[in-house]
Amino acid sequence: MESVLVVVVLLALAANLGACGSGDSTGGTSGVSASKQLVSLTDAEKGQLCDWSVAKFGGYGTRSGCTSPLFSYPDQAAYVADAPSATTTPSCQATVAQMEACVNSLPACPTLTDVGSSSQCAALTPC
């Protein structure tokens, strides 16, 4: 599940999101140190990255207007519990900056096809 999470958020994470229709593809960052690897984030940093990601896709909860179940975590705790870690995904070398680039490259209602075709999301595949 972790590899799907980040590739889909994600992939990533990504990550993990609520109602669609108000996506923001203008960029921006989560405020988490861009050079940190996803697997080394604290739970608080995972939560911060998740909150930023979710806000770009409309927030936690239902996904009105979207046909894909991608990014549908009910709350931050569910995302943090499912996020990549050094134990569950030791081959993941992706950084926060790569996750942010992936999220910023996705449309408001992302699908697996969108994630798979985004060159910015490729680094998240092992996660």
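Peptides 113-122, 96-105, 44-53 ordered by packing proxy, namely the average of other Cβ atoms within 10 Å per residue, highest first: 96-105, 44-53, 113-122.
Per-residue Cβ neighbour counts within 10 Å put D82, D75 in the sequence D75, D82, beginning with the fewest.
Under 18 Å from the 7 Å Cα→Cβ point of T87, by amide nitrogen: which residues of the stretch 28-45? Taking a point 7 Å out along Cα→Cβ of T87, the residues of the stretch 28-45 whose backbone N falls under 18 Å are 38-45.
With the simple spin-label model, which puts each label point 7 Å out from Cα in the Cβ direction, the A34 to T113 separation comes to 3.2 nm.
Bear in mind that the values in this text are calculations on the coordinates, not laboratory data. On a predicted model such as this, the values are computed, not experimentally measured, just so you know. So basically every Cβ, Gly included, is an ideal-geometry build from the backbone, and we count neighbours across all protein chains shown.
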